[in-house]
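See below for the structure under consideration.
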Amino acid sequence: MVTKIILYAVLATASLAMLLLLTGFGCLNWGLAGLTALIYDLAGKLMLSAFSLLLLLGCSLLLQSIHRELAGYWRRDASALRRVLVLQMRHDNSCQRLQQKKKQLRYWQELKRHRLLAANNRKHSRDLYKALSAELRPAMAADRYKAFQKQLKHYRKQANPEAMLVLREQAICQSSSAG
């Protein structure tokens with residue numbers, strides 16, 4: 001309400017100043033130099049007062065807005081709402097941390113499982129190599145056994161038990177056909 005009154009006062013003062021400027025221009029055309037100077041001086045002061053009132057209105061509206069926002073910020077229900085939001089954010093953050101920990105734990109368990117599987121495969125390949133070597137040593141000649149041993153080592157390094165068993169079958173077939 002007060003803002004509208006001040007705004008209308010500013011508009012009326014600016015309009016009066018413009019009217020005085022037009023009157024001063026008319027006086028200048030009629031040759032009344034003294035009256036023109038007086039009217040222009042009065043119009044300039046009125047325009048300055050209109051802009052000053054407008055500036056004061058803007059400052060007062062800014063202060064009112066700041067006061068309203070600060071009062072709203074410190075209201076009891078706004079504080080309670082902020083507390084609820086903070087608690088909700090904390091809960092969401094803790095849920096995210098829990099999910100990340102679960103994900104990290106699954107990753108480490110999977111990594112450990114892969115390592116154990118690789119170690120188990122190496123152990124079984126080594127045991128298969130030893131068993132095949134022990135089984136076929138007496139059944140083969142020394143030079144053929146050396147070639148067999150070389151291929152068997154190659155397949156053991158590749159961790160390829162199927163190829164090792166195929167090689168065993170070939171060696172048994174060759175030794176039975178040769179013998």
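The values are calculated or read from the model by the stated rules, or taken from the named source; none is laboratory data. Values in this document were obtained by computation on a predicted structure and should not be read as measured data. Please note: Cβ atoms are built from the backbone with ideal geometry, for glycine as well, and neighbour counts cover all protein chains shown.
Quick notes on this structure:
- Filtered by the rule that a residue be in contact with a Ser or Thr (Cβ under 8 Å, 6 or more places away or on another chain) and buried (at least 16 other Cβ atoms within 10 Å of the Cβ), the stretch 50-67 gives ALA50, LEU53, LEU57.
- Of residues in the stretch 1-47 being under 60 Å from the mean Cα position of the chain (by Cα) and among the β-branched types (Val, Ile, Thr), the one farthest from LEU57 (Cα to Cα): THR13
- Restricting LEU105, LEU128, LEU81, LEU132 to those that are over 30 Å from THR3 (Cβ atoms), of a type outside the set (Gly, Ala, Ser) and at pLDDT 90 or above reduces the list to LEU105.
- Candidates ARG126, ARG137, ARG106 - the one that is basic (Lys, Arg) and either touching a Gly at 6+ places or on another chain (Cβ under 7 Å) or outside the structural domain of ARG168 (by TED's automatic domain parsing) (or both): ARG106
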